[in-house]
Amino acid sequence: MWILRRSDAELAALAADDGRVADPASLQSVQAPYARNPYRSLRPELFVAIGLCTHQGCVPARSGGHLLCSCHTAKYDLAGRVFSGGPAPRNLTIPAYRLADESRLVIGEDA
């Protein structure tokens, strides 16, 4: 499970990736309706995802402003959207989650 805090600069950079990712609006993604937004999250600065590449289940690593699966070169932006042309078939999965308060996150329950 990944929980990432994204900076303002990282959030701004997501829009630049729209033309390079396979499913920019996340229409083919596994995610709750509340994550169907440009940030794929309840709050823009907080990213919660299952940290397994959708190609063969490897664990991508944060590499600069992206997530890179070094096993087979799948690349994702910091909203978990897969870049076109790589082996991964879809965006990273966003699990059900809710924010219990400002410092607690509950995974497995919808917001």
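Tabulated results
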| item | result |
| --- | --- |
| For the range 24-84, diffusion coefficient by Stokes-Einstein and Kirkwood Rh (Cα), 25 °C, 0.890 mPa s, µm²/s | 205 µm²/s |
| On Cα atoms only, tilt of 8-17 relative to the major axis of the chain in degrees | 40 degrees |
| Amide hydrogen neighbours beyond the local backbone of residue 6, cut-off 5 Å, H modeled | 46, 47 |
| Whole-percent carbon and sulfur share, accessible surface of the chain, 1.4 Å | 54 percent |
| Among 78, 27, 67: highest mean-square fluctuation, GNM of the chain, C-alpha pairs under 10 Å | 27 |
| Neighbourhood net charge (14 Å Cβ-Cβ; Lys/Arg +1, Asp/Glu -1) for residue 17 | +1 |
| Among 88, 15, 61, residue whose mean-square fluctuation peaks in a GNM of the chain (springs only between Cα atoms under 10 Å) | 15 |
| Over the range 1-71, relative contact order from alpha-carbon pairs under 8 Å, at least 6 apart, % | 33 percent |
| Heavy atoms of residue 45 accessible to a 1.4 Å probe, total area in Å² rounded to 10 | 50 Å² |
| Gaussian network model of the chain, springs between alpha carbon atoms under 10 Å - residue of 12, 49, 32 with greatest fluctuation | 12 |
| Rg ratio (alpha-carbon, reference 2.2 N^0.38 Å) - the chain | 0.98 |
| Accessible area of the chain divided out per residue, in Å², using a probe of 1.4 angstrom | 52 Å² |
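The values are calculated or read from the model by the stated rules, or taken from the named source; none is laboratory data. Since this is a predicted model, take the numbers as computed values, not measurements. Cβ coordinates were reconstructed from backbone atoms using ideal geometry, including for glycine residues, and neighbour counts include every protein chain displayed. Please note that ligands, DNA and RNA were not included when accessible areas were found on the heavy atoms of the full protein model with its side chains. Shrake-Rupley method; radii C 1.70, N 1.55, O 1.52, S 1.80 Å.
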